[in-house]
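The structure under discussion appears below in the form of structure tokens.
The values are calculated or read from the model by the stated rules, or taken from the named source; none is laboratory data. Computed from a predicted structure; not experimentally measured. So basically every Cβ, Gly included, is an ideal-geometry build from the backbone, and we count neighbours across all protein chains shown.
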Amino acid sequence: MIESPRLRLRRLRPSDERDLIALDSDPEVMRYVGSPAGPRSFEETADRVRLRIAEDQGPLGFWVVESRADGGFRGLCALIRMPSGDDVELAYRLTRSSWGQGLATEAANTLLDYALGVVALPRIVAVTYPDNRASQRVLEKLGFLPRGLIDYKGVQVAYYVVTRATRNASGPR
Ligand SMILES: CC(C)(COP(=O)(O)OP(=O)(O)OC[C@H]1O[C@@H](n2cnc3c(N)ncnc32)[C@H](O)[C@@H]1OP(=O)(O)O)[C@@H](O)C(=O)NCCC(=O)NCCS
């Protein structure tokens, strides 16, 4: 379990299934998520959620983001191995009612500290659809640097990289 001032990041549990399916079924949340972007069928969404709950990816993988004040479900954060196998990607998505309060930046900042510190990864990457300005702003606030466009699972995405050194130089602390 990892904590920040307002949030707790913890591993997925079977009892999260309903919240996780609802998150990934919201077309606004999924507008810039997935390749292609957008929600999948209910069956596919439910299968993917159950797999994530059952999967053990060691120090990587998915975390539920919940409020420390009331335990409420706020969304998901993850460290995912890139298809190339070399790098690890930081990913996040929050319930619509959680947007606009700095919570994605707070959750992602906490997971990034864990990835670069506890897991001791040399660098973390992130990809966003070019139109996803809110997500790009989150990455900029965390100290990620833009590295142009790359092909990711058949789509063009904006590619970002952060290392411990560049994060200390330009990140939030
Ligand atoms: C993207 C997302 C995670 C942001 O969550 P959030 O908690 O609202 O993010 P924060 O409040 O920490 O920061 C958002 C920043 O983007 C800015 N922003 C929001 N919408 C914007 C827009 N349309 N254009 C430009 N900037 C925007 C905010 O002003 C804020 O920057 P600021 O602190 O400088 O004012 C959330 O909207 C979400 O879950 N979206 C759906 C899933 C998704 O797209 N995930 C990322 C996939 S790569």
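Pairing each residue of region 21-40 that is under 14 Å from Thr95 (Cβ atoms) and near the ligand (Cβ under 9 Å from one of its atoms) with any residue that is of a type in the set (Gly, Ala, Ser) and in a helix (DSSP H, G or I), provided the two are 6+ apart or on different chains, yields no C-beta distance under 9 Å. Taken together, Leu20, Leu103 contain a single residue that is crowded, with 17+ Cβ neighbours inside 10 Å and closer than 29 Å to Ala165 by Cβ, which is Leu103. The criterion of at least 2 residues that are more than 18 Å from Ala37 (Cα to Cα) is met, among strands (runs of 3 or more DSSP E) falling completely within region 70-173, by 73-81, 123-128, 145-152, 155-163.
Among residues of region 109-136 being more than 8 Å from the ligand (Cβ to nearest atom) and among the small types (Gly, Ala, Ser), the one that is surrounded by the most Cβ atoms within 10 Å (Cβ to Cβ) is Ala115.
Within region 14-44, can you find the residues that are within 25 Å of Ala158 (Cβ to Cβ), in contact with a helix residue (DSSP H, G or I) (Cβ under 9 Å, 6 or more places away or on another chain) and part of a helix (DSSP H, G or I)? Residues satisfying the conditions are Leu23, Asp24, Val29, Met30, Tyr32. Criterion applied to Gly154, Gly58, Gly85 was being touching a Ser or Thr at 6+ places or on another chain (Cβ under 8 Å), at positive phi, away from the ligand (no atom under 13 Å from the Cβ) and at pLDDT below 95, and the one residue passing it is Gly154.
Taking the listed residues Ala91, Ala78, the one that is more than 8 Å from the ligand (Cβ to nearest atom), at pLDDT 95 or above and surrounded by 12 or more Cβ atoms within 10 Å (Cβ to Cβ) is Ala78, with no other qualifying.
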